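Note sheet for the following structure.
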Amino acid sequence: MMKKIDLLCVGKLKEPYFAAAVAEYTKRLSRFCAFTVTEVPDAGDSESSVLKESAAVFQKIGERRASAFVILLDRAGEPVSSEGFAKAIDTAFARGAERVHLIIGGSRGVSEELKSAADKRLSFGAVTYPHQLMRVIAAEQVYRAMCILGGTPYHK
């Protein structure tokens, strides 16, 4: 059975060069897993935007939650190396997950409920990235993780 990894993101990917980079990693990942990107609407900058966006993310993962492993990419999460990220993905599938959801929240973050519901909260570093660039970084790190797990020479 092919592994399924879904990158759930708040907002649309607007810049064509970021979209092209994500498309390239999606193509490269096709030999390792079914990698998809799912967008939920950006709810703006109101006080309720975090709750609306988090509810939309919950809706996307809701019907598949029982068989999925949810990783929230969170600057305040557990710092992780590329090898550690690969291990987290590998462990999720080894424990029977049919799908791994990676979540990138909106510019104001995610709700406490979504943070609590995540199986893991991981950080790619303490710096803040633009959300569109973070999608490219996440896609590249998934590709790197699959190369590490597959023993291919991409990761050095």
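The values are calculated or read from the model by the stated rules, or taken from the named source; none is laboratory data. As the structure is a prediction and not an experimental result, all values here were calculated from the model. With ideal geometry, Cβ positions are generated from the backbone for all residues, glycine too; neighbour counts draw on all protein chains shown. These area figures cover heavy atoms from the full protein model, side chains too; ligands, DNA and RNA do not enter into them. Shrake-Rupley method; radii C 1.70, N 1.55, O 1.52, S 1.80 Å.
Summing Lys, Arg as +1 and Asp, Glu as -1, what charge do residues with Cβ under 14 Å from the Cβ of residue 2 carry, residue 2 excluded?
+2
Is it possible to state the helix-based mean residue ellipticity at 222 nm for the chain, with each DSSP H run of 4+ residues giving -39500 (n - 2.57), the sum divided by total residues, to the nearest 500 deg cm²/dmol? What is it?
Computed ellipticity for the chain at 222 nm equals -13500 deg cm²/dmol.
In terms of modelled amide H atoms, which long-range or inter-chain residues lie less than 5 Å from the amide H of residue 33?
Residues meeting the amide H criterion: none.
Assigning unit charges at the beta carbon (Lys, Arg +1; Asp, Glu -1) and nothing else, what dipole magnitude in debye, to the nearest 20, does the chain show about its Cα centre?
520 debye
Ranked highest first by average number of other Cβ atoms within 10 Å, how do 118-124, 135-141 line up?
Packing order, densest peptide first, comes out as 135-141, 118-124.
Given a 1.4 Å probe and every protein chain left where it sits, what share in percent of the accessible area of segment 40-119 is carbon and sulfur?
Answer for segment 40-119: carbon and sulfur cover 47 percent of the accessible area.
What accessible area per residue comes out for the chain, rounded to a whole number of Å², with a 1.4 Å probe?
52 Å²
Which Cα, out of 102, 49, 1, lies furthest along the positive dipole direction of the chain (beta carbon charges, K/R +1, D/E -1)?
1
Obtain the radius of gyration and the Kirkwood radius of segment 1-145 from its C-alpha atoms and give Rg over Rh.
0.93
For segment 61-150, compute Rg over Rh where Rg is the Cα radius of gyration and Rh is the Kirkwood radius from the inverse mean 1/r over Cα pairs.
Radius of gyration relative to Kirkwood radius: 0.94.
For Cα pairs less than 8 Å apart in space and 6+ apart in sequence, what is the mean separation divided by the residue count of segment 4-126, i.e. the relative contact order in percent?
37 percent
Have a look at segment 77-120 and give its Rg and Dmax from the Cα atoms, expressed in angstrom.
Rg, Dmax (Cα atoms, Å): 11.9, 33.
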